[in-house]
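All remarks here apply to the structure that follows.
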Amino acid sequence: IRRHKFLEVTQLVWGLNNQKIAFVRACLTARMLNRTLLMPNLSASLFYKEINSLQLISFDKVFKFERFNTLYEGFVQLARYSDLKNRTGLKQNIINGPIDMHKVIRMVGKNPFLWHGDWPVKYYERFFECLMLVEDISKEADKVVSKIRQIRRKLRSEPGMGSSLRPAPYVAVYIRVEINWIIHCKKLEQRSGVSQICSNKQEIIERVGKIINLEAPIIVYLAIADNLINDSSLLSGWNKGLVLNEKKNLGVDGIFKKHPYPIQSAIDNEVCSVKLWPALQQKTNNKFSTTPAATLF
């Protein structure tokens, strides 16, 4: 990957997962052009229609910049704008012609998430695994996990069972309740001529209740933003043995409120996917692996 030729993309927008997908496509485009990708900005809010009104958040405030470059050296490389000393010869679009003479190529127009995504899924998987959260965000997620496990230990009356010795399993459930997602589903149902695309609440409860190898009481962490819960009934009606916990009754809502939206999402993503306990790692030939703690509905 050439370090003296660069690709610049527009700011990444929408939800965190969409921004991660856009980032992967930007990386693969840079690789295709044999150029270093200038580190893009993430969006700190869901407001995206007016680009000038977007709140910027630096990529390296969420993900480990140097670690990413180390893991992907020779395949894809990121650079900070400070690495770009001379921005002359800026090309506004990739067009037919001798574009390779330009030091910087800027992709403009549609958000990168809307580019064609014809790359193999394995690339997305590998990139996502290498997008490691910075320590400050990981520590915030650890606080949430600690609270969840503390409640389960209390319910099971196991005093003195430290989390460093034995984990307290839990289930994290991420339910899409944002109004834009609900509108999208309704429109898709109309176009497709079907009555229901998304699972209803009762179906979700039944599926969570069928998760095997978990002893009651099962702590269920609801991994959604409290201010997006339009339906308060989501917090009631869960089966016996399923103890629902959301951010407020866990006492961790203050952790989330002090951060912008994408960092809140990053914390929840981390809570929803935790490393296997060391004792379990030994059963998997000491290979690093993760066990997803969340089910998406």
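If the label point is 7 Å along Cα→Cβ of E215, which residues in the stretch 118-157 have backbone nitrogen under 15 Å from it? Correct set: 152-157.
3J(HN,Hα) couplings calculated from phi for the stretch 2-9 with the Karplus curve 6.51 cos²θ - 1.76 cosθ + 1.60 (θ = phi - 60°) are, in sequence order, 6, 9, 10, 10, 10, 10, 10, 10 Hz; Gly and Pro show x.
As a quick test, which of the pairs K122/K247; K20/K248; K187/K248; K143/K186 have an alpha carbon distance above 30 angstrom in this structure? Cα-Cα > 30 Å for K122/K247; K187/K248; K143/K186; rest within.
When M132, M101, M107 are compared by accessible area of protein heavy atoms, the largest-first order is M101, M132, M107, using a 1.4 Å probe. Put simply, the amide H of I219, placed in the peptide plane, has neighbours under 5 Å in V171, V243, leaving out anything fewer than 5 places away on its chain. Got a sec? Which residues in the stretch 126-153 would a label at E66 touch, if it sits 7 Å along Cα→Cβ and we count backbone N under 19 Å? The answer is 130-139. Taking 0.36 nm per residue of separation and subtracting the Cα-Cα distance, full extension of the segment from E125 to C185 would add 19.0 nm. When each of the peptides 20-30, 133-143, 119-129 is scored by the mean number of other C-beta atoms lying within 10 Å of its residues, the order from highest to lowest reads 20-30, 133-143, 119-129.
The values are calculated or read from the model by the stated rules, or taken from the named source; none is laboratory data. These numbers come from a predicted model, not from an experiment. Cβ: placed from backbone, ideal geometry, glycine included. Neighbour counts: every protein chain shown. Heavy atoms of the whole protein, side chains included, go into the accessibility calculation; ligands, DNA and RNA do not. Shrake-Rupley method; radii C 1.70, N 1.55, O 1.52, S 1.80 Å.
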